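Taking it in order: structure first as structure tokens, then the write-up.
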Amino acid sequence: MPRVLGMDPGSKSIDLCGLCDGEVCFEKSIDTLEASRDPARVVEAVEEFGEADLVALPSGYGVEVTRLSDVDTAILEDWYYTFILATTREEVEVGLRKGSVGAFIYDAMGKITRELKRRGVKGVFIPSVINLESIPVHRKLNRVDMGTADKLAVAVLGIHEVSSEHGLPYGKVNYIHVEMGFGYNAVIAVRNGLIVDGVGGTLMPGPAFLTAGAMDLEVAQAIGSLDKNDVFSTGCGPLTGSPTPEDWISKVSEDPLAGVCFDAMMESLVKTVYSMIPVVGGAVEILLSGRVSRNPVVVDYLEEKLGDLAPVRRMKGLPGASTVKETAQGYAVIADGLAGGVFHTLVEHVGVVNARGSSLDYIVHPRFKYSKLGVNYVRLRGFMRSRAFNIEWWSKLGVD
């Protein structure tokens, strides 16, 4: 049976979860800012785990299952920034000069991946929610973030947990997953053990801790211009001057700004969960995961507002996992399944291997093609196995 490793590059910590024969056998958590200053720490942690049959690499916005060995070194940096980070090197460098936390995370992810490539690690990039064939195309138009790769990973873990807890085959699992991380929130809909819809952090109607969520186009027009750094610097933390979610939530009853942001975030989650009910049908549970979900104030609020729909609880995660986040455990579960381990049936059922393309494939706005990111996208998209939905769309419309 395989030895595999899952790596989740969270906004607060980079977590590594190792599975040996499907059991947790390795855990390591490294502060993200420390890792951005010294990416070698993460590489050393991978080597500490030892020989791995497969490592599920930080996959950001997600791509079809792609082996690290299949991405030529000559294009790796551009490929990674374009498809995994959905940005350009120039935008990240601007963020680094501004001291943006998100930019340091992106910079670290790129450096770690290049070094793992150099060392010949058997790595694989995994999909995000939008890449799955179980989601109809019409739900994807002009969408990028329906749930990043870590949100997909934790939902796959959630399918396994609900199946185990209720004695259900994967094909009978209907539930809603609410992930509340240090940076982003997401709500994922699961029907018959398949992910059928998702609202990721930048599409949520309200803010998360680092990101603002969905933004009125009139606001974007009024501001004049937005860049990648706005994605992870306009949430409740930055807006209230709070360094951690715990600090922010502790101020909710005293600080009006903190209170308004809390109400906005919680109501956003509740509304989004309700919007998933027609898609899921009868949900057997609503699972909560992520750092923010550990706060009892948050759990009590969601139990009160959502308890009539289905039981609400924090997910347990894999037995034996005591340090790393549920998202890292999900990455490891997918790695195990792709390597033919005990989670092979689960990963096959969810359709991870059949996922296609990139998260940028459904941006049909014609001006995307001429942006800096769009130019890189069009130039590099041909290296993937599948066709690009938007490029074919533009071709049919005669967009040059």
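Just so it is clear, none of the values below were taken in a lab; they were calculated from the coordinates. Quick caveat: nothing in here was measured; it's all calculated off a predicted structure. Counting neighbours? That spans all protein chains shown, and the Cβs are built from the backbone with ideal geometry, glycine included.
Among the residues of the range 241-270, which ones are surrounded by 16 or more Cβ atoms within 10 Å (Cβ to Cβ), over 13 Å from Y301 (Cβ atoms) and hydrophobic (A, V, I, L, M, F, W, C)?
Matches in the range 241-270: W248, A258, C261.
Specify the residue that is nearest to S386 (Cα to Cα); the eligible residues are those in the range 118-162 that are hydroxyl-bearing (S, T, Y) and crowded, with 20+ Cβ neighbours inside 10 Å. Spell out the reasoning first.
Taking the range 118-162 first, the residues hydroxyl-bearing (S, T, Y) are 128, 134, 148.
Going one step further and asking which of them are crowded, with 20+ Cβ neighbours inside 10 Å, we end up with 128, 148.
Values: S128: 15, T148: 19 Å.
Per the criteria, the residue is S128.
Looking at G110, G95, which one is closer than 25 Å to V129 by Cα and part of a helix (DSSP H, G or I)? Spell out how you get there, then give the answer.
Values: G95 fails: closer than 25 Å to V129 by Cα.
Sole residue among the options that is closer than 25 Å to V129 by Cα and part of a helix (DSSP H, G or I): G110.
Just checking, how many residues over the range 276-334 are touching a helix residue (DSSP H, G or I) at 6+ places or on another chain (Cβ under 7 Å), basic (K, R) and within 17 Å of F262 (Cα to Cα)?
Qualifying residue count for the region: 2.
Can you go through V273, V187 and tell me which one is touching a Leu at 6+ places or on another chain (Cβ under 8 Å), assigned to a strand (DSSP E or B) and surrounded by 22 or more Cβ atoms within 10 Å (Cβ to Cβ)?
Values: V273 fails: assigned to a strand (DSSP E or B).
V187 is the lone residue from the list that is touching a Leu at 6+ places or on another chain (Cβ under 8 Å), assigned to a strand (DSSP E or B) and surrounded by 22 or more Cβ atoms within 10 Å (Cβ to Cβ).
Can you work out which of the residues in the range 225-247 that are within 20 Å of Y106 (Cα to Cα) and assigned to a loop (DSSP other than H, G, I, E, B) is nearest to the chain's Cα centre (by Cα)? I'd like the intermediate steps shown before the answer.
Step one: list which residues in the range 225-247 are within 20 Å of Y106 (Cα to Cα), which gives 226-235, 237-238, 243-244.
From what is left, the residues that are assigned to a loop (DSSP other than H, G, I, E, B) are 226-227, 232-235, 243-244.
Working: L226: 21, D227: 20, F232: 13, S233: 17, T234: 18, G235: 17, P243: 22, T244: 20 Å.
Ranking the candidates gives F232 first.
Which residue is nearest to D107 (Cα to Cα), if the candidates are limited to the range 48-88 and must be over 19 Å from the mean Cα position of the chain (by Cα) and among the hydroxyl-bearing types (S, T, Y)?
Top of the filtered list is T73.
Out of S275, S268, I need the residue that is within 13 Å of M180 (Cα to Cα) and in contact (Cβ under 8 Å) with a residue 40 or more places away in the chain. Which one?
Working: S275 fails: within 13 Å of M180 (Cα to Cα).
It is S268.
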